[in-house]
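Enquirer: Take this structure, written in structure tokens, and hold onto it; I'll ask about it next.
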Amino acid sequence: MARIAGVDLPKDKRVLIGLTYIFGIGVSRSKKILEDASVGENIRVKDLSNDDIAKIRAVITKNYQVEGTLRTDVTMNIKRLMDIGCYRGLRHRRGLPVHGQRTHTNARTRRGRRSGVGGKKK
């Protein structure tokens, strides 16, 4: 089993898709990593040699920020927006959509379920 950046990659998937299980790596970045490490995209994770895994690990640690450090940076950026009191920070603080979406209807993911005026009668 390949373990890269603290994540166990699924054995039966192709390496191209397996790398996307790492936070901060999508399909396009996965292609670039495999190209830099000179590893084929269609190889299954279980068929990778230790040398291939080492190459992939080296490319990721050298060129990209993933997993814990990336999560920390994202949360610190949001915290900074909230601390300076900008509009985006206020929206984060109130749990409302940040990028200008409408909230009169929709926005249930950010706002949660709302009960009606009197609630539901039994």
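The values are calculated or read from the model by the stated rules, or taken from the named source; none is laboratory data. Only a predicted model underlies this, so the values are computations on that prediction, with no experimental measurement involved. Cβ atoms come from the backbone with ideal geometry, glycine included; neighbour counts cover every protein chain shown.
Enquirer: Output the number of the condition that residue 96 fails; it satisfies all remaining conditions of (1) of a type outside the set (Phe, Trp, Tyr); (2) under 23 Å from residue 28 (Cβ atoms); (3) free of Cβ contacts under 8 Å to residues at least 60 places away in the same chain.
Expert: (2)
Enquirer: Quick one: residue 47 ticks every box in (1) surrounded by 10 or more Cβ atoms within 10 Å (Cβ to Cβ); (2) under 21 Å from the mean Cα position of the chain (by Cα) bar one, so which box is it?
Expert: (2)
Enquirer: Scan region 5-22 for residues that are surrounded by fewer than 21 Cβ atoms within 10 Å (Cβ to Cβ) and within 13 Å of residue 39 (Cα to Cα) and jot them down. Walk me through how you get there before you give the answer.
Expert: We begin by selecting, within region 5-22, every residue surrounded by fewer than 21 Cβ atoms within 10 Å (Cβ to Cβ); these are 6-8, 10-14, 16-17, 20-21.
Listed by number, the residues that qualify are 14, 16.
Enquirer: Considering region 16-47 alone, what residues qualify as being assigned to a helix (DSSP H, G or I) and in contact with a strand residue (DSSP E or B) (Cβ under 7 Å, 6 or more places away or on another chain)?
Expert: Passing the criteria: only 21.
Enquirer: Could you grab me the full set of residues in region 55-68 that are surrounded by 13 or more Cβ atoms within 10 Å (Cβ to Cβ) and of a type in the set (Val, Ile, Thr)?
Expert: Across region 55-68, the qualifying residues are 56, 59, 60, 66.
Enquirer: With the checklist (1) without any contact (Cβ under 8 Å) to a residue 24 or more places away in the chain; (2) in a loop (DSSP other than H, G, I, E, B) in hand, flag the one item residue 54 doesn't pass.
Expert: The single condition residue 54 does not satisfy is (2).
Enquirer: Moving on. Is there a residue being touching a residue at least 60 places away in the same chain (Cβ under 8 Å), surrounded by fewer than 17 Cβ atoms within 10 Å (Cβ to Cβ) and under 15 Å from the mean Cα position of the chain (by Cα) anywhere in region 27-34?
Expert: Looking for residues that are touching a residue at least 60 places away in the same chain (Cβ under 8 Å), surrounded by fewer than 17 Cβ atoms within 10 Å (Cβ to Cβ) and under 15 Å from the mean Cα position of the chain (by Cα), one finds none in region 27-34, hence no.
Enquirer: Residue 78 - would you say it is surrounded by 12 or more Cβ atoms within 10 Å (Cβ to Cβ) and at pLDDT 85 or above?
Expert: Details: surrounded by 12 or more Cβ atoms within 10 Å (Cβ to Cβ): yes; at pLDDT 85 or above: yes.
Taking the combined requirement at face value, the residue satisfies it.
Enquirer: Within region 86-122, restricting attention to residues that are of a type in the set (Lys, Arg) and not in a helix (DSSP H, G or I), which residue is modelled with the highest pLDDT?
Expert: 102
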